[in-house]
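Below is one structure, written out as structure tokens; comments come after it.
The values are calculated or read from the model by the stated rules, or taken from the named source; none is laboratory data. Since the structure is predicted, the reported quantities are computational estimates derived from the model, not experimental observations. Cβ placement follows ideal geometry from the backbone for every residue including glycine, while neighbour counts extend to all protein chains displayed.
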Amino acid sequence: MSERSDGPAVLRGVVRMDVESHDSLASLLDEALVRHGPKVALIEASRRRESRRLTYRQVDRAAAGVLQRLRAAGIGEGDRVAILMSNQPSWLVTAIAVFRCGAVLVPLDFKLEPVAQADLLEHARPALLVTEFAVFRVLPGEGKQKTWVSEVPDGQQLPPHAEPFDAFEPGADAALESVCRSRNDCATIVYSSGTGGRAKGCMLSHGAYLAQLQSLLGRFPMAPGDRYFSVLPTNHAIDFMVGFVGPFVCGATVVHQRTLRPEMLRWTMQRYGITHMAVVPLLLQAFRRAIDDAVAEQPAWRRGALDALTALNQRLTARKPRPQLSRALLKPIHDRFGGKLRLLFCGGAFVERQLAERFYALGIPAVIGYGTTEACTVITLNGLAPFRADSVGRPLPGVEVRIEGADDDGVGEVCVRGPNLMTGYVDDPELTAETLRDGWLYTGDLGWLDASGHLHLVGRNKDVIVTAGGKNVYPQDVEHAFVSVQAEELAVFAANTLWPVRTMVDEELVVVLRPRDGSSADAAVAAVFAENRGLPEHKRVSGVLLWDEPFPRTASMKLKRRELVRLVARGASRGALVRS
């Protein structure tokens, strides 16, 4: 599949929905459910067993039943309804009913610690929480809000404020009309995956989602027959857009797997012929390692043949992707992913150029973009015709990007303006005023724009390291120099950040490194120092700290730098550094 700008205006045989004609997500989804009625909308698997398959017509009826129950519970226009569930059909059905009710959806991360979940619920103050028993049973703060609980074991008693919930109970006989909402009305409150401790609930309007969706479908539309594998949490902005709203509007099928173990990922992709996925860089790296390990087991002549075919595919797809050709040339690689995978949407954290180029060479393009929760989902997006991985792309149509306070190298804070921006942080006018100024979103990310308007990111404003020579160093920029190091995870910090001292002199950069299981830590350290010699002097690291535990990360797998700083400062001393 190529971008619309490089292909037909519409997919052959498919009549595209007019997103611009709608004023709310409820109206848009209602049309999608009717338009695509008999097509398969949702498939749910649990390990190697399919547990549910629903057409769009069945989703419509199920959502009508949930809507009837919401209204009976007194939930109406402007009320907040929180969903705290793993990825599953019940999540999407409930969300549709919430939008039809005119309520505001508050999607929460089921992977957070229970105490953090309770804190967000207290901050959001929903009129209703919809969750699953596995989450509910460990959630503190019973009695703080009305709760519907799915998958309650037989004989299990719930507290007075909770009641069992099944999104697929028989619904209303007659269709219940959706509440009319405007583009300016709040559709969701999405909590940013930022690494700070302050709760930041981004209020996103229906208009923001519709504008974002229209831009994305103009570049990367789906179609009936496409199958999207939803592996990122649906509460996350990326999966909500490209793993729910987008596929539904296009009549594609969303596949959920309740067990996301590596072997189940592969089984699901092969069983259902997955065509699209959204992944974070860590998952993309895991895919690459699996490919490399499988190739390494082959005889030398097969490895040589694969290298030659990969190089040939790279030449033949230099102008644009050619999925059928790539599958024919590199069939064993593609078969590992089900044989039909056409596109990976990659975001949530910075994607290494070499990683993206590796997958494109194999005929599995990874669309590289940049976005924030505050901007709904996506701000910039790279193209595939031709493919580029040296930047995070150009702004979407209708979105403006400028660089504030650029230094001599053109690096400054990335600021964004467009219809996709949040209206503010819920109940936090001070932070809203700090982040939204004169219609511009101040992202806190540092970057520069090249002559073609492509955005290049170099780090976060708060992560800038000022060396003794007065040089600004961005940790993520240095980290990219170590992409070849065989480590599970690594991150660069200023030593005085990890172990604070009351001085601004004698600063040094250090690498915190978690070796791969079964790999030599000494070899990884040696590789760091080998790569280190090729860096400019002000970017060179002075030591490596070996770390055994997984790095703390957000739901979108962004590194929680502050939390890692706290853990390192508490668990290791500066004397533990391995020096070159």
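Computed values, structure above
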{"item": "Single condition Thr377 does not satisfy, out of (1) surrounded by 15 or more Cβ atoms within 10 Å (Cβ to Cβ); (2) modelled with pLDDT of 95 or more", "result": "(2)"}
{"item": "Of the criteria (1) farther than 22 Å from Lys558 by Cβ; (2) acidic (Asp, Glu); (3) in contact with a strand residue (DSSP E or B) (Cβ under 7 Å, 6 or more places away or on another chain), which one Asp427 fails", "result": "(3)"}
{"item": "Helices (runs of 4 or more DSSP H) contained entirely in the stretch 479-580, each with at least 1 residues that are polar (S, T, N, Q)", "result": "495-498, 521-532"}
{"item": "Residue check, Gln285 part of a helix (DSSP H, G or I) and either closer than 30 Å to Phe240 by Cα or modelled with pLDDT of 90 or more (or both)", "result": "yes"}
{"item": "The lone exception for Arg71 - which of (1) in contact (Cβ under 8 Å) with a residue 60 or more places away in the chain; (2) surrounded by fewer than 24 Cβ atoms within 10 Å (Cβ to Cβ); (3) within 28 Å of Val242 (Cβ to Cβ); (4) among the charged types (D, E, K, R) it fails", "result": "(3)"}
{"item": "Matching residues in the stretch 559-580 - criterion: being under 24 Å from Arg460 (Cα atoms), surrounded by fewer than 17 Cβ atoms within 10 Å (Cβ to Cβ) and in contact (Cβ under 8 Å) with a residue 24 or more places away in the chain", "result": "Arg562, Glu563, Ala569"}
{"item": "The one condition in (1) surrounded by fewer than 20 Cβ atoms within 10 Å (Cβ to Cβ); (2) over 30 Å from Tyr209 (Cβ atoms) that Pro323 fails to fulfil", "result": "(2)"}
